[in-house]
Each structure stands twice: as C-alpha cells, then as structure tokens.
Protein chains: 2
Amino acid sequence: MVSRVSPKVADPAVRTTLIETAARLLATEGALTLRRLADEVGTSTMAIYTHFGGMNELRREVRREGFARLAEHMNGVATSRDPVTHLSLLGWAYFTNAITNPNLYRAMFMEQPIDLEDAASGIETFQTLVTSIQRCIDAGRLSPADAVELATQIWAVTHGLVALHLTGFLELDQASESLAGASLNLLVGYGDDRRAAHRSIGRARGMIGR
Amino acid sequence: MVSRVSPKVADPAVRTTLIETAARLLATEGALTLRRLADEVGTSTMAIYTHFGGMNELRREVRREGFARLAEHMNGVATSRDPVTHLSLLGWAYFTNAITNPNLYRAMFMEQPIDLEDAASGIETFQTLVTSIQRCIDAGRLSPADAVELATQIWAVTHGLVALHLTGFLELDQASESLAGASLNLLVGYGDDRRAAHRSIGRARGMIGR
DNA sequence: ACCATGCCATAGCAGTGCTATAGGTTATCC
DNA sequence: GGATAACCTATAGCACTGCTATGGCATGGT
C-alpha cells in the first residue's frame, strides 16, 4: 500500500547538517558521540536514528563525505607536462590531505572493517592514481605493466607512512622524507630512470613549496 | 616513612593471567572490555586497576605482549645464505603474523596514538629488519644507503598492505601479491638486479610453501 | 475540517570505564 | 602468638556510551 498522504517529511538540510557537524566534531574533538552530536546540532538523539538508522550508518556517511573531499582535493592538482611529476603531486595531495585531517582520515581508512560497497566508494579516487600511472607508462617513462598493481603499491606505501605517523611510530618529517624516498625507489623499480624520477619528484615538491 | 611491614603483595601470576586472557579475548572476540575480562579471569574489575591502573595501561601491556610475540616470530626465521631471501622471509613473517592475529595487530599498530616509549618498544623488532638490509648492502646486493631509511620504506609498504586488507580495502590475495610486487620493485630501486631480486623473493616464497 | 503520516523530544534500557568505600588477607614486629 | 600496618579486591554507584519504546505534534492531502 502506497501512502497517499505526504505528511511531514524529513528535512534534507538536517541530514547534511548532521553529517557536516559530525565531520567537524570528529576533526575538532577527535571523537564522535551520539549525544554530543545531538546537542551540537540542537536536536535529540532520535534525529540520528530517523535519518540514518544508527551511529554506524552515520559514520558511513561521514566517511563518504571524507572520500568526497579527498577526491575533490586530488582532482584539484594541476596536470603537469611531466606525467611523473603529476603522479608525485597526487601522492603529496593524498599525504597532505591525511595529515591535515587526521581524524577524518582515521575514520576513513583505519577504523574497524568496513563493508564492501563502502570500500568501493573509497576506491573511487584510486582511479585517478591509476590513470596517472597509465599516463606515465604510455609516455614511456615506466615499463609496461598493470597500472592497477603499481597504483596499489604506491597507495600502500603512502597509506602505510601516513598510518605509522598517525599512530605515533614515525615523526612527520620521517614520514614525509620516506614518502619521497619510497616513491623514488618504486619509480626506479617501475622502470623510470633514477635521475629523471628524482627530478620529477623534486619538481613536484617545489610546486607545493616543500 | 618507609613501610616496615610487607603485607599482602600483588600476585604476579594474576597480572600475567590478565594480560594473556586479555590477548585471547581480543583475538577470539575482537573486543576487549573491562567487565568481560574481569568475568573471564574470575575476579572483579578492581584487579585491573590495582595491577595496571586502568584499561589504557592494560592495553599497553597487551601491545607489549604482541610486540614480544612478533619479535619472537621474526627472530625465528632461519638465516639464509642469500641475504635478500632472508629479508624477504622477514617481510613474509611480518605479514603472516599480522594476518594470523588481526585483532592483536590492530591493537598494536592501528589504534589511537600511542605514547613514545610504547612506540619504541614496538620498533625493537624493527632493528631486525635494519640488520637484514645492512647485510644485503654489505653483500653488494643493494647500493650503499641508509639501512634505516630503506627499512622504513619496506615497513611502510608492508604495514600499508596489511592495514588496507584489515580495513577491507584489499582482498588477502591482492595484498599478498602486492607485497611480492612492491618488494621486488623496491629492491630494484635499492640497486638489486631485477632477476636476482625475483629469484630471491621466489626462493623465500618457496620456503614458506606459498 | 479532518486525519493519516512520519519526525522528534522524553525517558529509560544495558552496556562501557572508572572510583569511593569497606572488608579481608598477610607479612612483619613486639 | 597476638597486634598491627599495609595492601588487595568485592561491592555499589558514578557519568558516559549507543539504542529504543512511547507519545505528542506538525504537516499536507483529502
């Protein structure tokens, strides 16, 4: 039976406000609790349940919000004439985004196992990385290979350095330096000339004032 | 005023029982709560406070226990004549240990920021990796470089793959394959001959029946 | 005007880590 | 051997967490 009267419908603005406030609380206070969020938005705890069903689903939406911001951030890097420079810039964008929003990054990539569809939405921006690598291969800078596999390796080392920093095992400088070093060594392993790779990475670092 | 009588002293056996039970609960149930632990051991919640001071300190001890097991596991790998094979075996040992005890690994390397001294105790086994890499350099397989820096890069990519698997972003097979691939490419970047590195890694994989 | 519909405030549930208090145990001293 | 001081721990209760049953109420179609 389809409802024939349309009573008070959920205000979609409340939904986005909840997500954005949740992301802000996560960023500023480092934690996200149901009651704290309800107080901040000025509603009751039930609002979260009518709009999302529970905290898990709300956290999922916060993650999606984080993924969207990350995609926006990475799509914002200018395409360089040197494809390896562009690839390096993508790496720095990912790294910088994580360092700037550590709590959001934790929620996105370091929390308890997430479901498959959620992981898929997170890998969306992964395609940007794959495309950039494919461009390096097509330009003859890297040896022919599966771009997805190479992208996975670069993603892993970048995420690993970020994660080890966020958990306190690596200082920021160490993580940053190792990102440059590991990128260089991986690129050489991918077939790039060491000097050329070094120049491309240096160019990228120069472009972001590092 | 120094106490001149020595009353009932804390039973050290209770302490180790608490740590081991906590590690077991973390492994079997995936979560560790104060009351659950107290029930399991058959004591009251106060025991945790007299022995550790709180859940944070208990969790720290569980981490130390995990670090000890990891060190034991990695020190147990046989030294091969081929230093790169040994290095590869270390990587697989780390990877296997993490996959076998995912919850303990999470507690050790993926939880909220840990304090410096705790991170130091975790890096203890890191020295094993550094030594193995230094041996590769000394044997002429890898170009002269800072072994600590190279070890950081290998650690980062291995941890990154493990972490991405544990959070659901990578299937186990993908993580496993990328570990081999990234190791190969990094080794080439470190100066090893591609064929030689491939052979050394393959030898390691053969030794662990993979 | 009616009223079905669905949002949301209230109050309460079981669970969490933590703590104040009181009782019990034990090694030492006289 | 008894008294004593020091220490451990069981009990009960605190504030907090996510969650839910309930009922009031605003809304928009009839």
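The values are calculated or read from the model by the stated rules, or taken from the named source; none is laboratory data. Note that the structure is a prediction, hence the values are computed from the model and not measured. Please note: Cβ atoms are built from the backbone with ideal geometry, for glycine as well, and neighbour counts cover all protein chains shown. Areas reflect the complete protein model, heavy atoms only, side chains present, ligands, DNA and RNA absent. Shrake-Rupley method; radii C 1.70, N 1.55, O 1.52, S 1.80 Å.
Here is how the numbers come out for the structure above:
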{"item": "Unmet criterion (only one of (1) of a type in the set (Val, Ile, Thr); (2) under 19 Å from residue B:111 (Cα atoms); (3) surrounded by 14 or more Cβ atoms within 10 Å (Cβ to Cβ)) for residue B:28", "result": "(3)"}
{"item": "Of all residues in the range A:125-163 being surrounded by fewer than 24 Cβ atoms within 10 Å (Cβ to Cβ) and more than 24 Å from residue A:194 (Cβ to Cβ), the one that is farthest from the other protein chains (Cβ to nearest Cβ)", "result": "A:131"}
{"item": "Residue list for the range B:67-101, filter: buried (at least 18 other Cβ atoms within 10 Å of the Cβ) and either closer than 17 Å to residue B:22 by Cβ or hydroxyl-bearing (Ser, Thr, Tyr) (or both)", "result": "B:67, B:70, B:85, B:88, B:94, B:101"}
{"item": "First in the range B:45-61 and within 14 Å of chain A (Cβ to nearest Cβ), second anywhere and more than 11 Å from DNA strand D (Cβ to nearest atom) and not in a helix (DSSP H, G or I), Cβ under 9 Å, 6 or more apart", "result": "B:59/B:32; B:59/B:111; B:60/B:114; B:60/B:115"}
{"item": "Within the range B:176-202, considering residues that are among the small types (Gly, Ala, Ser) and within 8 Å of chain A (Cβ to nearest Cβ), the one surrounded by the fewest Cβ atoms within 10 Å (Cβ to Cβ)", "result": "B:181"}
{"item": "Total residues in the range A:39-59, condition open to solvent by less than 60 Å² (accessible area, probe 1.4 Å) and within 18 Å of residue A:27 (Cα to Cα)", "result": "3"}
{"item": "Odd one out for residue B:103, checked against (1) of a type outside the set (Phe, Trp, Tyr); (2) out of contact with any helix residue (DSSP H, G or I) (no Cβ under 6 Å at 6 or more places or on another chain); (3) within 14 Å of chain A (Cβ to nearest Cβ)", "result": "(2)"}
{"item": "Filtered residues of the range A:164-174 (kept if touching a His at 6+ places or on another chain (Cβ under 9 Å) and facing another protein chain (nearest Cβ under 8 Å))", "result": "A:164, A:169, A:174"}
{"item": "Checking residue A:16 against (1) within 11 Å of DNA strand D (Cβ to nearest atom); (2) assigned to a helix (DSSP H, G or I); (3) free of Cβ contacts under 8 Å to residues at least 12 places away in the same chain, the condition it does not meet", "result": "(1)"}
